[in-house]
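Working notes, beginning with the structure itself.
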Amino acid sequence: MLGAIAGDIIGSVFEWNNNRSKDFPLFSSGSDFTDDTVMTIATADVLLHHGDYAKAYKKFGRLYPGRGYGGRFAWWLGSESYEPYNSFGNGSAMRVSPVGFAFDTLEKVLEEAKKSAEVTHNHPEGIKGAQATAAAIFLARTGKSKEDIKTYIEKEFQYDLSRRLDDIRPTYEFNGTCQGSVPEAIIAFLESEDFEDAIRNAISIGGDSDTIACIAGGIAEAYYGGVPGEIKERVMEILDERMRGIVEEFRSKVLKE
């Protein structure tokens, strides 16, 4: 999941200041974690300690207020309700990467991705976005080729992955839905040459930059076998002690690193 967190942090300065080039500094003084990282770590915490997704998302969201939560999710965080609100926003996809790493079968990954999504994002598109992201991560880490991943995602989730970044980039606008950002994030991974290139691809199309890079980063980590050392070190410096502890526990117990 460190790849997803890296994508979020690197993309954080570009969400409202889009960059349409792959030429940019990976980190700057403004680079920081957003809601994508907070919720990704909450998902990991649930998997590590057999917790409840809704309770964990409320707990971590309240521990880290003001991190860019969407309007409806922010309302849900502040309320006493644990009921889902039929969202198809890309929040379900940006927080799911630990699920793709945590299970040994695709069936279990899809089942758990649905569970992680539906506590808030119980719209079919919200569930689909989480499942497609987690499935891509699972397939990537289990040795499937990019063509295999593309074929599976297109068949099972009906996302159009035949487009090229050069075609998307000129007209792409901010889109916070799963259906309007998950396919683009997967394409950014499919066109990449290595982990860093996947992040640069994702940010270069503009839009919801931190979330698109977060989704692409999780898949790229799985496919390329990890996050480059310099990026990993910088990311861990930006996280606080609580977050670092969960990341390290996940890497030790789940990834067996």
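A short reminder: the numbers here are calculations on the coordinates, not readings from a lab. These numbers were taken from a predicted model, which means no experiment stands behind them. Don't worry about glycine lacking a Cβ; one is built from the backbone with ideal geometry, like all the others, and counts go over all protein chains shown.
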**Prompt:** For residue 111 and residue 194, what is the calculated FRET efficiency with R₀ set at 25 Å and r taken between the beta-carbons, to the nearest 0.05?
**Reply:** 0.20
**Request:** Compare the peptides 26-39, 166-179, 6-19 by average per-residue count of other Cβ atoms within 10 angstrom and give them in order, highest first.
**Result:** 6-19, 26-39, 166-179
**Asked** Rounded to the nearest 500, what is the chain's calculated 222 nm mean residue ellipticity when only DSSP H runs of at least 4 contribute -39500 (n - 2.57) each, over all residues?
**Response** -18500 deg cm²/dmol
**Message:** Please list, ordered by chain and number, the residues whose modelled amide H lies under 5 Å from the amide H of residue 177; skip anything fewer than 5 residues away on the same chain.
**Reply:** 90
**Message:** Placing +1 on the Cβ of each Lys and Arg and -1 on the Cβ of each Asp and Glu in the stretch 132-257, which of 143, 171, 239 has its Cα farthest towards the positive end of the resulting dipole?
**Reply:** 143
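Starting from 0.36 nm per residue, how many nanometres of slack lie between residue 151 and residue 55 once their C-alpha separation is accounted for?
Numbers: separation 96, 0.36 × 96 = 34.56 nm, distance 3.55 nm.
So the extension gain works out to 31.0 nm.
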**Request:** Enumerate the amide H contacts of residue 86 below 5 Å, restricted to partners 5 or more residues apart or on another chain; note that Pro and chain-start residues carry no placed amide H.
**Result:** 122, 123
**Label of the coordinate-derived value, mean projected area of the Cα convex hull in nm², listed as (1) 18.6; (2) 11.8; (3) 15.9** = (2)
**Request:** For residue 81 and residue 233, calculate 0.36 nm times their separation in residues minus their Cα-Cα distance, and state this gained length in nm to one decimal.
**Result:** 50.9 nm
**Fill in**
Loop-resident GluC sites (Glu not before Pro) in the stretch 187-221 with no more than 10 other Cβ atoms inside 10 Å, DSSP not H/G/I/E/B, are 193
**Request:** Assign unit charges at the C-beta atoms only (+1 for Lys and Arg, -1 for Asp and Glu), then state the dipole size of the stretch 44-125 relative to its Cα centre in Debye, rounded to the nearest 20.
**Result:** 380
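Around residue 192, under 10 Å between beta carbons, what's the net of Lys plus Arg minus Asp minus Glu among the other residues?
-3
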**Complete:** Burial-style ranking of 235-242, 85-92, average other-beta-carbon count within 10 Å with highest first, yields 85-92, 235-242
**Message:** Less than 11 Å Cβ to Cβ from residue 40, Lys/Arg counted +1 and Asp/Glu -1: what total charge do the surrounding residues give?
**Reply:** -3
**Item:** Distance between modelled label sites at residue 166 and residue 248, nm, 7 Å Cα→Cβ extension
**Value:** 4.6
**Item:** Electrostatic dipole magnitude of the stretch 118-221 [Cβ: Lys, Arg +1; Asp, Glu -1; Cα centre; debye, to 20]
**Value:** 220
**Request:** Please state the charge dipole magnitude for the chain, taken about the Cα centre, from unit charges on C-beta atoms (+1 on K and R, -1 on D and E), reported in debye and rounded to the nearest 20.
**Result:** 400
**Net +/- balance of residues flanking residue 87 in space, Cβ distance below 13 Å, scoring K and R +1, D and E -1** = 0
